[in-house]
1. What is the calculated FRET efficiency for ALA141 to ARG79, with r their C-beta to C-beta distance and R₀ = 35 Å, to the nearest 0.05?
2. Once every Cα of segment 3-186 carries one equal point scatterer and solvent is ignored, give the base-10 log of I(q)/I(0) from the Debye formula at q = 0.09, 0.13, 0.15 Å⁻¹, two decimals.
3. Find how many whole Å separate the alpha carbon centroid of segment 46-72 from the alpha carbon centroid of segment 155-176.
4. Pulled fully out, how much extra length does the chain show between GLN185 and SER69, if you take 0.36 nm times their separation in residues and subtract their Cα-Cα distance?
5. Find which of TRP70, ALA81, MET156 sits farthest along the positive direction of the dipole of the chain, computed with +1 on the beta-carbon of Lys and Arg, -1 on that of Asp and Glu, about the Cα centre.
6. Can you put GLU73, GLU93 in order of Cβ neighbours within 10 angstrom, beginning with the fewest?
7. Hey, what's the Cα Rg ratio for segment 142-190 versus the globular rule of thumb, 2.2 N^0.38 Å?
8. If you place +1 on the Cβ of every Lys and Arg, -1 on the Cβ of every Asp and Glu, and leave all else neutral, what size is the dipole of segment 1-98 about its Cα centre, to the nearest 20 Debye?
Amino acid sequence: MTLETRLIEIVRADPALMHVLTMMRDLDLPDWRLFSGAVYQGVWNDRTGRPTGYGVKDYDIGYFDPDTSWDAEDVIIKRVAAAFEPPFRDLVEVRNQARVHLWFEQKFGEAYEALTCTDDAPARFVAPAFALAVRLEKDDAISVAAPYGLEDVFDMVIRPNPTRGLAKGWDKVIASARGRWPEIQVIDPA
């Protein structure tokens, strides 16, 4: 079995994750994906015998709309919020990936080149283990975007993203992950 096949099995076995994916598919946002935490944390829970949903703080959704106005994004944020009942309404966070370069540096203190599509985003995440995204397609298939592969996530290894400088807040990210999954292995920057 490939790691991608195993990832898809893990995603399908998580009722909350599948609920979010199904709702997002039905909302049919342009070029959308569910990113990072809710996905890689599902793998870590499976690897460590923890229950599905353990440690998941939110469900990060990216979509891509060339209209980079705040007003256009706000319409989508409100539309997504209206589609979900609590507690998901407060846990699903949606952002237009075409706008990230407009606010990222002010919020995180790092320059951020404009993206061309949603699938560009995971390659910018702080660690290869976090750089993955999934989408429930119209035919019920789950597609995966993992620009650095899936080995780090399945090996529970966190290393800095090789294509960007060390993320500001790296130590905080590592402390948060270790607090929930002490089994992780961290490869510190050289």
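1. 0.90
2. At q = 0.09, 0.13, 0.15 Å⁻¹ the computed log10 ratios are -0.30, -0.66, -0.89.
3. After rounding, the separation between the Cα centres reads 18 Å.
4. Here the answer is 37.7 nm.
5. Of the listed residues, the answer is MET156.
6. The order, fewest Cβ neighbours first, is GLU93, GLU73.
7. Compactness ratio reported: 1.22.
8. Rounded to the nearest 20 debye, it is 460 debye.
Only the coordinates and a few stated rules stand behind these numbers; no lab work does. Just so it is clear, the model here is predicted, and its values are computed rather than measured. Every residue, glycine among them, receives a Cβ derived from its backbone with ideal geometry; neighbour counts consider all protein chains shown.
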